[in-house]
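Participant: Below is the structure I would like to discuss, written out as structure tokens.
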Amino acid sequence: MSISSTLGGRRGVLAAVATVVLLVLGGGLVARALTAPGPPPQPDSSQAVAAPATPSTSASGRPTPATAPTAAEAPDPDFGVLMAPSAPVALRIPSIHLATKGLVELGIGTRGELEAPKDFQRAGWYAAGPTPGEFGPAVIAGHVDSTLGPAVFYHLGALKKGAQVMVDRKDGSTATFVVDRVARYPKAHFPTSEVYADTGGRAELRLITCGGDIDRRSGHYLDNVVAYAHLVQGA
Amino acid sequence: MSITTKLGTATLGSALLLTLGAGMAQAATVADGNTMATLRPVALNGVKASGTAMVTVNGNRIDVTMAASGLLPDSPHAAHIHFGADARNECPQASDDKDGSGTLNTTEGGPAYGPIVVSLTKTGDTSPKSGLAVDRFDTAPGGKISYERGSITVSPDVAQAITDGKSVVVVHGVDHNNDGKYDGDTKSDLDPSLPTEATDPAICGVLAAAPAGGVQTGGGGTSTPDNTLALALGGGLILAAVGTGAFAARKATNRL
């Protein structure tokens with residue numbers, strides 16, 4: 001056995017190992033590219049406009065006031081169903097097969113924007129705002145995808161008007177919302193007031209994720225998809 | 001050896017390409033002057049009410065909307081924005097009950113939220129002087145308040161305090177004995193002609209900047225170009241495998 005043939009043998013083994021590694025890496029990438037779910041669904045424009053407001057009825061579960069105002073006083077503002085504050089723990093949207101537990105708390109970032117969850121597979125809620133079911137706009141955000149594939153809110157763009165959204169809360173209750181509309185906005189023209197501002201009394205919910213095309217330079221999506229919903233039942 | 005080096009380079013290269021999607025932070029979005037407060041029951045006072053308030057600051061003018069539910073119906077509810085440079089700038093806690101009465105009155109809340117800086121009256125003056133102008137506050141028909149008032153002038157200090165998240169919205173009026181009206185022997189610490197029920201703090205919330213602009217909720221892993229990239233990269237690696245495989249086969253043959 002000469003030194004050169006030993007070396008040659010070692011190089012042969014190295015090459016064989018390299019072959020296996022390359023095949024696994026390459027094959028994996030090709031397989032993933034071919035089986036990748038493709039771009040996430042986007043809401044079509046018909047979903048962006050709410051259906052004409054239907055007068056809320058006692059069917060909404062709102063308790064009838066014991067003393068109905070009879071005089072010509074200012075009419076009772078109708079806030080619909082309201083729940084006591086309680087943090088959200090899980091989110092369920094059967095129509096798009098979304099169910100996620102362990103919602104994380106989100107704060108505000110350095111530019112005043114809502115922070116995104118650090119974990120791609122977890123949704124988060126804006127913890128300084130109202131809890132889902134409470135007065136005002138509760139906000140839940142989640143990633144549409146990670147750098148590798150679909151994330152927790154991948155299907156959010158497929159959500160339709162009228163769909164039910166359930167939020168399970170820490171106190172054991174469930175807040176049930178109905179989707180009013182789903183819209184897509186360029187982040188450069190994000191309707192801050194519409195999404196985050198006071199709802200005039202109702203308990204509402206905003207679900208936010210990314211949409212549209214991706215900016216290759218920044219690595220971020222150019223649009224946000226926002227679903228607007230209001231509370232119909234709290235128990 | 002050279003193959004090992006090439007393999008290393010290829011792996012490093014693919015790792016770099018794969019992380020391209022992760023990207024950097026996007027350009028700033030401009031925050032407007034929206035602040036919001038979630039109004040919740042004041043400690044010890046046992047009011048099952050809640051609400052929201054939103055204050056938009058434009059220079060020295062503020063626009064206010066407020067909604068609340070569960071308050072004592074058809075009774076005036078004084079509502080204010082409080083701020084004190086020396087205050088804790090928060091809602092009062094049970095430990096603020098200095099006289100040990102088991103409830104919190106407005107003065108006991110002072111160390112938490114400071115003095116009145118804006119009176120949220122429906123008409124007329126909005127200065128602290130109108131703090132107890134009971135005839136000009138919302139009377140909460142059905143226990144509900146739906147309030148809106150624009151262009152209230154405030155001092156630069158107050159505007160700044162609101163923007164900085166240091167001001168507190170308080171709605172007063174607590175029916176401690178649940179008899180449907182403000183009464184009782186204890187007089188208000190603010191105005192002895194009123195029972196303390198009329199002025200005790202009911203619900204409270206700190207005004208804080210609402211989020212502004214879009215949210216970065218994507219990694220880009222399912223956007224189409226990445227698939228093309230993965231396909232090309234994977235194809236390249238497989239081609240390389242053909243090369244190293246041939247080399248290994250040749251070496252194996254040589255040994256035989």
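The values are calculated or read from the model by the stated rules, or taken from the named source; none is laboratory data. Keep in mind the model is a prediction, meaning the values are calculated, not measured. Heads up, the Cβs are rebuilt from the backbone with ideal geometry, glycines too, and the neighbour counts pull from every protein chain shown.
Participant: Could you identify the single residue in A:Asp168, A:Asp198, A:Asp180 that is in a loop (DSSP other than H, G, I, E, B) and out of contact with any helix residue (DSSP H, G or I) (no Cβ under 7 Å at 6 or more places or on another chain)?
Facilitator: Details: A:Asp168 fails: in a loop (DSSP other than H, G, I, E, B); A:Asp180 fails: in a loop (DSSP other than H, G, I, E, B).
Sole residue among the options that is in a loop (DSSP other than H, G, I, E, B) and out of contact with any helix residue (DSSP H, G or I) (no Cβ under 7 Å at 6 or more places or on another chain): A:Asp198.
Listed here are the residues, each with its yes/no results for (1) more than 17 Å from B:Phe83 (Cβ to Cβ); (2) among the aliphatic types (A, V, I, L, M); (3) within 14 Å of chain A (Cβ to nearest Cβ); (4) surrounded by fewer than 23 Cβ atoms within 10 Å (Cβ to Cβ).
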{"site": "B:Arg149", "(1), (2), (3), (4)": "yes, no, yes, yes"}
{"site": "B:Val158", "(1), (2), (3), (4)": "no, yes, no, yes"}
{"site": "B:Ser193", "(1), (2), (3), (4)": "yes, no, no, yes"}
{"site": "B:Glu197", "(1), (2), (3), (4)": "yes, no, no, no"}
{"site": "B:Gly235", "(1), (2), (3), (4)": "yes, no, yes, yes"}
{"site": "B:Ile238", "(1), (2), (3), (4)": "yes, yes, yes, yes"}
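Participant: Find the residue count for the range A:72-106, including only residues that are at the interface with chain B (Cβ under 10 Å from one of its Cβ atoms) and modelled with pLDDT of 95 or more.
Facilitator: Final tally of qualifying residues: 1.
To keep it simple, each residue is scored yes or no on (1) outside any helix (DSSP H, G or I); (2) in the same structural domain as B:Ile62 (by TED's automatic domain parsing); (3) farther than 27 Å from B:Pro192 by Cα.
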residue	(1), (2), (3)
B:Lys122	yes, yes, no
B:Thr126	yes, yes, no
B:Asp135	no, yes, no
B:Asp138	yes, yes, no
B:Tyr147	yes, yes, yes
B:Gly150	yes, yes, yes
B:Ala159	no, yes, yes
B:Lys166	yes, yes, yes
B:Asn178	yes, yes, no
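Participant: Can you name the condition, by its number, that B:Ala212 falls short on among (1) within 30 Å of B:Leu72 (Cα to Cα); (2) touching an Asp or Glu at 6+ places or on another chain (Cβ under 9 Å); (3) surrounded by 20 or more Cβ atoms within 10 Å (Cβ to Cβ)?
Facilitator: (1)
Participant: If I ask for residues that are surrounded by fewer than 24 Cβ atoms within 10 Å (Cβ to Cβ) and assigned to a strand (DSSP E or B), which ones from the range A:207-219 would you list? Show your work before the answer.
Facilitator: Residues of the range A:207-219 that are surrounded by fewer than 24 Cβ atoms within 10 Å (Cβ to Cβ), as a first pass: A:212-213, A:215-219.
Hits for the range A:207-219 are A:Gly212, A:Asp213, A:Asp215.
Participant: Which ones in the range A:6-36 are loosely packed, with under 14 Cβ neighbours inside 10 Å and either part of a loop (DSSP other than H, G, I, E, B) or modelled with pLDDT under 70 (or both)?
Facilitator: Of everything in the range A:6-36, those that are loosely packed, with under 14 Cβ neighbours inside 10 Å and either part of a loop (DSSP other than H, G, I, E, B) or modelled with pLDDT under 70 (or both) turn out to be A:Thr6, A:Leu7, A:Leu34, A:Thr35.
Participant: Of the conditions (1) under 24 Å from B:Val206 (Cβ atoms); (2) at the interface with chain B (Cβ under 8 Å from one of its Cβ atoms); (3) of a type in the set (Phe, Trp, Tyr), A:Trp125 clears all except one; give me its number.
Facilitator: (2)
Participant: Could you list, in sequence order, the residues of the range B:157-179 that are on the phi > 0 side of the Ramachandran plot and at pLDDT 95 or above?
Facilitator: If we filter the range B:157-179 for residues that are on the phi > 0 side of the Ramachandran plot, which is where we start, we get B:165, B:173, B:178.
B:Gly173, the sole residue that qualifies.
Participant: Hey, B:Thr123 hits all of (1) free of Cβ contacts under 8 Å to residues at least 60 places away in the same chain; (2) hydroxyl-bearing (Ser, Thr, Tyr); (3) crowded, with 19+ Cβ neighbours inside 10 Å but one; which does it fall short on?
Facilitator: The failed condition is (3).
Participant: Only one of B:Ile62, B:Ile116, B:Ile81 is more than 8 Å from chain A (Cβ to nearest Cβ), under 20 Å from B:Tyr182 (Cβ atoms) and surrounded by 22 or more Cβ atoms within 10 Å (Cβ to Cβ). Can you tell me which?
Facilitator: On the way: B:Ile62 fails: under 20 Å from B:Tyr182 (Cβ atoms); B:Ile81 fails: under 20 Å from B:Tyr182 (Cβ atoms).
Testing whether each residue is more than 8 Å from chain A (Cβ to nearest Cβ), under 20 Å from B:Tyr182 (Cβ atoms) and surrounded by 22 or more Cβ atoms within 10 Å (Cβ to Cβ) leaves just B:Ile116.
Participant: Output the number of residues of the range B:127-147 satisfying the condition of being away from chain A (no Cβ under 14 Å) and under 25 Å from the mean Cα position of the chain (by Cα).
Facilitator: 0
Participant: Report whether or not A:Asp223 is within 13 Å of another protein chain (Cβ to nearest Cβ), crowded, with 22+ Cβ neighbours inside 10 Å and touching a Pro at 6+ places or on another chain (Cβ under 7 Å). Spell out how you get there, then give the answer.
Facilitator: Details: within 13 Å of another protein chain (Cβ to nearest Cβ): yes; crowded, with 22+ Cβ neighbours inside 10 Å: yes; touching a Pro at 6+ places or on another chain (Cβ under 7 Å): yes.
Considered against the rule, which asks whether it is within 13 Å of another protein chain (Cβ to nearest Cβ), crowded, with 22+ Cβ neighbours inside 10 Å and touching a Pro at 6+ places or on another chain (Cβ under 7 Å), A:Asp223 comes out as yes.
Participant: Name the one entry in A:Ala235, A:Ala197, A:Ala151 that is modelled with pLDDT under 95 and touching an Asp or Glu at 6+ places or on another chain (Cβ under 6 Å).
Facilitator: Working: A:Ala235 fails: touching an Asp or Glu at 6+ places or on another chain (Cβ under 6 Å); A:Ala197 fails: touching an Asp or Glu at 6+ places or on another chain (Cβ under 6 Å).
That would be A:Ala151, the only listed residue that is modelled with pLDDT under 95 and touching an Asp or Glu at 6+ places or on another chain (Cβ under 6 Å).
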